[in-house]
1. Could you count how many residues in region 51-80 are over 20 Å from Gln18 (Cα atoms), aliphatic (A, V, I, L, M) and in contact with an Asp or Glu (Cβ under 8 Å, 6 or more places away or on another chain)?
2. I'd like the residue in region 111-169 that is outside any strand (DSSP E or B), touching a Phe, Trp or Tyr at 6+ places or on another chain (Cβ under 6 Å) and hydrophobic (A, V, I, L, M, F, W, C) and, out of all such residues, is farthest from Asp217 (Cα to Cα).
3. For region 59-89, give me the residue count where each residue is touching a Ser or Thr at 6+ places or on another chain (Cβ under 9 Å) and not acidic (Asp, Glu).
4. Please state which of the following conditions Asp99 fails to meet, knowing it meets all the rest: (1) more than 16 Å from Leu23 (Cα to Cα); (2) in a loop (DSSP other than H, G, I, E, B).
5. Hey, among the residues in region 43-57 that are surrounded by fewer than 17 Cβ atoms within 10 Å (Cβ to Cβ) and more than 21 Å from the chain's Cα centre (by Cα), which one's farthest from Lys120 (Cα to Cα)?
6. For the structure I just gave you, tell me whether Gly167 is surrounded by 18 or more Cβ atoms within 10 Å (Cβ to Cβ), modelled with pLDDT of 95 or more and not acidic (Asp, Glu).
7. Looking only at region 43-82, count every residue that is under 21 Å from Phe7 (Cβ atoms), touching a Leu at 6+ places or on another chain (Cβ under 9 Å) and among the polar types (S, T, N, Q) and tell me the total.
8. I'd like to verify a number: residues in region 210-224 that are in a helix (DSSP H, G or I) and among the acidic types (Asp, Glu), how many?
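The values are calculated or read from the model by the stated rules, or taken from the named source; none is laboratory data. In this text the structure is predicted, and so the values were computed from the model without any measurement. Don't worry about glycine lacking a Cβ; one is built from the backbone with ideal geometry, like all the others, and counts go over all protein chains shown.
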Amino acid sequence: MNINSFFYKVVLTTNELQECRFLGSAFPITPNGGLLTCRHVLNIDKKDNETLAVIDNERGQIVPIQKYDFSKQYDLDMAFIPNAFQRKKAEFFPILSPDRILMGEDVYSVGYYMTGINPKAGYFKGNIVNFSAFQHPAESLSLSYPVIEGLSGSPVLTYHNGPKVVGLCYGSVQSRVVASEIVEYQDDRVKHQETVNRIVELGQAYHANALISFLRDISVHEFTVSSERLTIPGLSS
């Protein structure tokens, strides 16, 4: 898989398309460049002389975002950018049939994240820790790796007869782990107790069910849901 054909940066630019600021990640979920990302990546305060844009990796161009859609029915942190590159594009990710997604599944994410002042492409790998008990259509996954700054809008992928999307990264939650504990006793009573905790971050991502509900709600029908082996340009079989 060529990452330049499947993973993209969303940026804030001047109206003259001079890149100003990296905002987050996005990936193709339909043919012809329909990109999925997080709503909070796009829903920012911008000045009159600023424009949202996507970096077209294959052409080396900054392409202004003409429009994006979000659900008016559901409170979901998702956004869809139709025909983001304003050209023909065959590569996209299929969604894995939701009933095939299991706790403990090996998953990974590729996207962009901040290191200093410049974003870098990164690969994060782990497992589905659990399914969060949010009401439909906001079903979510907890991941064993964090969704760090910039990775919002990147896909959660697994290999099931080829690469397939199982979720959309949108944030992280923190959990406390006891790293060490020292307890001193005197006359069978605790005299002194010292505990050192370590903070662990678990990534949060929308479940494939939520992605499907969102796309249908905004009348996008060109996406593919399957557990079978598919022939899609750029994805190895």
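1. Step one: filter region 51-80 for residues over 20 Å from Gln18 (Cα atoms), giving 68-80.
This time we only want the ones that are aliphatic (A, V, I, L, M), so: 76, 78-79.
Pick out the ones that are also in contact with an Asp or Glu (Cβ under 8 Å, 6 or more places away or on another chain) and you get 79.
Total meeting the criteria: 1.
2. Checking each candidate, the answer is Ile148.
3. Of the residues in region 59-89, the ones touching a Ser or Thr at 6+ places or on another chain (Cβ under 9 Å) are 62, 64-65, 68-69, 71, 74, 76-82, 89.
Next, from what is left, pick out any that are not acidic (Asp, Glu): 62, 64-65, 68, 71, 74, 76, 78-82, 89.
The number of residues fulfilling the criteria is 13.
4. Looking at each condition in turn, Asp99 falls short on (2).
5. First pass over region 43-57, keeping only residues surrounded by fewer than 17 Cβ atoms within 10 Å (Cβ to Cβ): 43-50.
From what's left, more than 21 Å from the chain's Cα centre (by Cα): 45-50.
Working: Asp45: 24, Lys46: 23, Lys47: 26, Asp48: 28, Asn49: 26, Glu50: 23 Å.
The residue in question is Asp48.
6. Numbers: surrounded by 18 or more Cβ atoms within 10 Å (Cβ to Cβ): yes; modelled with pLDDT of 95 or more: yes; not acidic (Asp, Glu): yes.
Here the answer is yes, as Gly167 does meet what is asked.
7. Qualifying residue count for the region: 1.
8. Taking region 210-224 as the starting set, the residues that turn out to be in a helix (DSSP H, G or I) are 210-217.
Narrowing the set further to residues that are among the acidic types (Asp, Glu) leaves 217.
Total meeting the criteria: 1.
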